[in-house]
1. Name all residues of region 94-115 having a backbone nitrogen under 14 Å from the label point set 7 Å from the Cα of Arg16 along its Cα→Cβ direction, giving them as ranges.
2. Over region 67-144, with the other protein chains present, what is the accessible area per residue in square angstrom, probe 1.4 angstrom?
3. Between Ala129 and Leu91, with labels modelled 7 Å along Cα→Cβ, what's the label distance in nm to one decimal, could you check?
4. Quote the relative contact order of the chain in percent (integer), defining contacts as alpha-carbon pairs under 8 Å separated by 6+ residues.
5. Using θ = phi - 60° and the Karplus relation 6.51 cos²θ - 1.76 cosθ + 1.60, list the HN-Hα couplings for region 60-69 in order, rounded to whole Hz, with x at every Gly or Pro.
6. Between Glu115 and His153, what is the FRET efficiency for a Förster distance of 30 Å, r being their Cβ-Cβ separation, to the nearest 0.05?
7. Just tell me, in residue order, which DSSP H segments of the chain are both 30 angstrom or longer along the helix axis (alpha-carbon based) and at least -1.0 in mean Kyte-Doolittle hydropathy.
8. On the protein heavy atoms, probe 1.4 angstrom, tell me the percent of accessible surface of the chain carried by carbon and sulfur.
Amino acid sequence: MSPDVRSAEYEVERARYDYKIAKGRLLPSLSLSGGITTNYYKNLSLKGQYDGFASQFRNNRGEYLALTLSIPIYNSDRWHSMKKARNDWQLAQVNLEEARRKLHDQIAQAVMDAEGYAKELRQMQKKVASDSLAYHMSSRKFEEGMLSTFDLHTAAQTLLESRIKELQMQMLLIIKQRLVEYYKGEKLIR
């Protein structure tokens, strides 16, 4: 699978979870808390007439327990973040479809290119065969003295260029075939 499509799929999942989290923040919440407090003070105006640290620590101790119910009906920030998360999720889904469409277009283009290169290769093979025959005829004429060296060199150059183009077409065809195999998910160990 294409890395772009896989990345888009992960982005959709992330956006979906963000949306669920934002939606969950709109639910009522119940929290329980508790604690112990104490303090120590020293009145400087009363010299020597204050309780010691241990007794103040023990006597000034306070304890509390709290149960809090929070219903975020009027919390506009949470509603806004939930709507934004939903929009981000929808945008991620659109981006995923776009990535899949691009991948489909790339696959179709690779298949068409491979077919085109196969046709061009067949044409080049025919051209190489005809240029080879023309060179063979030119070399026979040259041996009989009916053709100049320049004309023989031109025929050889034409044959060489045709063979080079044939090899280029073979290379391009192999590359496009490998690309199509990659898109099909086949392993490319060769």
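The values are calculated or read from the model by the stated rules, or taken from the named source; none is laboratory data. These numbers come from a predicted model, not from an experiment. Note that we place each Cβ from the backbone using ideal geometry, even for glycine, and neighbour counts take in every protein chain shown. Heavy atoms of the whole protein, side chains included, go into the accessibility calculation; ligands, DNA and RNA do not. Shrake-Rupley method; radii C 1.70, N 1.55, O 1.52, S 1.80 Å.
1. 94, 96-97
2. Details: 5860 Å² over 78 residues.
That works out to 75 Å² for each residue.
3. 5.9
4. Numbers: 153 pairs, mean separation 46.7, N = 190.
That works out to 25 percent.
5. 9, 6, x, 10, 8, 9, 10, 10, 10, 10
6. Working: r = 36 Å, r/R0 = 1.21.
Computed FRET efficiency for Glu115 and His153: 0.25.
7. Working: long enough: 3-24 (31 Å, -1.24); 76-143 (96 Å, -1.09); 149-184 (52 Å, -0.08).
Helices meeting the criterion: 149-184.
8. Numbers: 8330 of 14790 Å².
Here it works out to 56 percent.
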